[in-house]
Amino acid sequence: MATLTAKAPARAANAFALVAAAAGGDEFVNDGKCLIVIDNGSGGSITLTVETQRTVDGEAVDDKDIVLPAGEQHLLGPWPKPIYNDVDEKVQLTYSAVTDLTVGIIQHS
């Protein structure tokens, strides 16, 4: 699993590049204000799964599955810490496929 580094916005030139999604999934440190930028450059739909860490009445909350249509870019989030952060304050991402899939994290203020 690769750790993605969040990029903070700025009021000046501030290059932002997406990176290839990792086959074993990705993770990022989350303060509850992070946004995911994801670009599906493949020819088919891909499902992004954002793992939940919360339980209600002792039962696990279902993970968040987001279908990303072919050729589309999406901005997703923010991700509330009590629901999505693991014990290391990270959000875990997995993908149904990673061919031509790129991802980045924006640190929203």
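Kindly count the pairs of lysines across the chain whose alpha carbons are less than 15 Å apart, treating pairs on different chains or eight or more residues apart as eligible. Write out the running numbers ahead of the final one.
Values: LYS7/LYS33; LYS33/LYS81; LYS33/LYS90; LYS64/LYS81; LYS81/LYS90.
Going through the chain pair by pair, I get 5.
Remind me, relative contact order of the chain in percent, using alpha carbon pairs under 8 angstrom and six or more residues apart?
In percent, rounded to a whole number, it is 43.
Once you have the Cα-Cα distance between ALA13 and VAL29, take 0.36 nm times their residue separation minus that, and quote the gain in nm to one decimal. Display every interim value, and only then the final one.
On the way: separation 16, 0.36 × 16 = 5.76 nm, distance 2.40 nm.
Between ALA13 and VAL29, full extension yields 3.4 nm more.
If amide hydrogens are placed 1.01 Å from N in the peptide plane, which non-local residues have theirs closer than 5 Å to the one on THR52?
ASP63, LYS64
Would you mind computing, in nm to one decimal, how far apart the modelled labels at VAL61 and ALA97 are, each placed 7 Å from Cα along Cα→Cβ?
Going from the VAL61 label point to the ALA97 one covers 3.0 nm.
Rounded to whole Hz and in sequence order, give me ³J(HN,Hα) for the range 7-22 from the Karplus expression 6.51 cos²θ - 1.76 cosθ + 1.60, θ = phi - 60°, writing x for Gly and Pro.
3J(HN,Hα) across the range 7-22, in whole Hz: 10, 8, x, 8, 9, 8, 3, 8, 4, 9, 10, 7, 10, 5, 5, 7.
Mind putting together the pair-distance distribution for the chain? All Cα pairs, 5 Å bins, whole percent per bin, short to long.
Whole-percent P(r) values from 0 Å outward: 2, 12, 23, 24, 19, 11, 6, 2, 1, 0.
Just so you know, all these numbers are worked out from the coordinates, no wet-lab data involved. On a predicted model such as this, the values are computed, not experimentally measured, just so you know. Positions of Cβ are backbone-derived with ideal geometry, glycine not excepted, and every protein chain shown enters the neighbour counts.
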